[in-house]
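Here's the structure we're looking at; comments come further down.
FYI, it's all coordinate maths here, none of it is from the lab. Since the model is a prediction, treat every value here as computed from it, not as a measurement. So basically every Cβ, Gly included, is an ideal-geometry build from the backbone, and we count neighbours across all protein chains shown.
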Amino acid sequence: MDAGKMNPFFIRSLARKAGRGMLILFAVLLAGVLILLSIILVRSPGEPAPILGPDGKILAGSISEKTFITVNGVRQGMFLQSKDAAHPVLLILHGGMPEFMLTEKYPTGLEDIFTVIWWEQRGSGISYSAEIPPETMTAEQMIADTIEVTNYLRSRFHQDKIYLMGHSGGSFIGIQAAARAPELYHAYIGQAQIVNALQSEKLAYDYMLDQFQAKGDSRMVRRLQAAPVSLEGGVPAGYRAVRDQAMHSLGVGTTRDMDSVITGLFLPSWFSRDYTFAEKVNLWRGKAQAGIAILWDTMIKTDLSQQVTELRIPVYFFSGVYDYTCNYSLSKAYFEKIHAPVKGFYTFDQSAHSPAFEEPARVQKILQEDVLAGTNHLADIQ
């Protein structure tokens, strides 16, 4: 049929059909979104599940709660988990974003031997607030917060000293807090211990560029080459935009088996029962706008191997050989430089950035047999 002579009724009929098709498509998409939101809301009671015994009842003496306290003028939250609240206390300082949400997929078993405190630090996760003064988002403030939270835990659990574990960006704060107030801690554990973030990012950049060139991934090669990392020029914004995606696709990100931030972190966070819907939103607001992430420039400019070289308490480093977020070789070299009454460096051959999630049984064994005993018999380097 000649388009110029097409029947106007036929044209209107086609338009009506197309319109109905679009309405049906929109309705299907809207229904899908509403169903997804309903599932998320149902999965958002905002309370951690109790710890159950073999009989299916709440385990006597256990603790599983979310609590909030005021820390140096700012309301901050934490999750507490233990099969026995009389266990030694372990305070965990997370990295770029809170980690408690990962424990459902990656159970650590830490609550078997410790009263574990998954504190969500100033500006992060359940501690996020747009009202927090930006000028207080500093390393010094977070060190002071760590000491304040430590004293709260000492008082609450009637323990003179506790254990402190810093993971990734949290280790930047943790090792400084341990050096500043050693009388508060039995020991310090650095998991994926940060040292010199700029050097680490340069090593990561070189490794990833080589890997993508070997794979023939021209798109990723172009993106990395467009934003080179150098010790002189620093870390450009273009590199930071592609960094997490690149690391995870190569198995050197959060865990060896996590190949995407979207499927490994973003989506699981929305189905965690431990957070309310608003708190889930704040997990990602905090990652983008506050928390440890806001200390990026400070960490990039700092070389801890020149600042903290002695601790008066036992020091333990847990490091994955596939870790390019906090480079394994740099952590090892830093460990060898530190002076401490007891030292232990532990290599995790199957881990990237998170040995406690990736090799939990070995982490538990080291904590029980070395850390709690104040020894280093299982260490690769002493």
* What is the gain in length, in nm to one decimal, between Arg156 and Gln368 on full extension, counting 0.36 nm per residue of separation less the C-alpha to C-alpha distance? -> 74.0 nm
* **In nm, spacing of pseudo-spin labels at Ser329 and Ile381 (7 Å Cα→C-beta vector)** => 1.2 nm
* Structure fact -> Between the Cα axis of helix 139-156 and the main Cα principal axis of the chain, the angle (0 to 90°, nearest 10) is 70 degrees
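What is the gain in length, in nm to one decimal, between Glu135 and Val281 on full extension, counting 0.36 nm per residue of separation less the C-alpha to C-alpha distance?
Values: separation 146, 0.36 × 146 = 52.56 nm, distance 2.30 nm.
Full extension from Glu135 to Val281 adds 50.3 nm.
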* Asked: Taking amide hydrogens as modeled 1.01 Å from N in the peptide plane, which residues meet the under 5 Å criterion relative to Phe348, leaving out close sequence neighbours?
  -> Ser319, Gly320, Val321
* Would you work out if the range 323-382 is rounded, prolate or oblate? Take a ≥ b ≥ c from the square roots of the eigenvalues of the alpha-carbon gyration tensor; rounded if a/c is under 1.5, else prolate when a/b is larger than b/c, oblate otherwise. => oblate
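How about the range 241-330: which trypsin sites (Lys or Arg not before Pro) there lie in a loop by DSSP and see at most 16 other Cβ atoms within 10 Å? List each step's numbers first, then the result.
Values: sites: Arg243, Arg256, Arg273, Lys280, Arg285, Lys287, Lys301, Arg312; in loops: Arg256, Arg273, Lys301, Arg312.
When the trypsin sites (Lys or Arg not before Pro) of the range 241-330 are filtered for loop state and at most 16 Cβ neighbours within 10 Å, Arg273, Lys301, Arg312 remain.
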* Structure fact -> Checking the range 121-203 for GluC sites (Glu not before Pro) in a loop per DSSP with at most 11 other beta-carbon atoms within 10 Å yields Glu131
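Tell me whether the range 135-217 comes out rounded, prolate or oblate; compute the Cα gyration tensor, take square roots of the eigenvalues as a ≥ b ≥ c, and use a/c under 1.5 as the rounded threshold.
Working: a/c = 3.62, a/b = 2.62, b/c = 1.38.
Note, shape of the range 135-217 comes out prolate.
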* Asked: From the backbone phi of the range 170-185, what are the Karplus-calculated ³J(HN,Hα) couplings (6.51 cos²θ - 1.76 cosθ + 1.60, θ = phi - 60°) in whole Hz, Gly and Pro given as x?
  -> x, 6, 5, 7, x, 5, 6, 5, 5, 5, 7, 9, x, 5, 8, 10
* Once you sort the root eigenvalues of the Cα gyration tensor of the range 54-154 as a ≥ b ≥ c, which label holds: rounded (a/c under 1.5), prolate (a/b larger than b/c) or oblate (the other case)? -> prolate
* Structure fact -> If R0 = 25 Å, then Leu59 and Arg273, at their Cβ-Cβ distance, give a FRET efficiency to the nearest 0.05 of 0.85
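Quick one: length gained pulling Leu231 to Ile300 fully straight, 0.36 nm per residue minus the C-alpha distance?
Values: separation 69, 0.36 × 69 = 24.84 nm, distance 1.01 nm.
Answer, rounded to one decimal: 23.8 nm.
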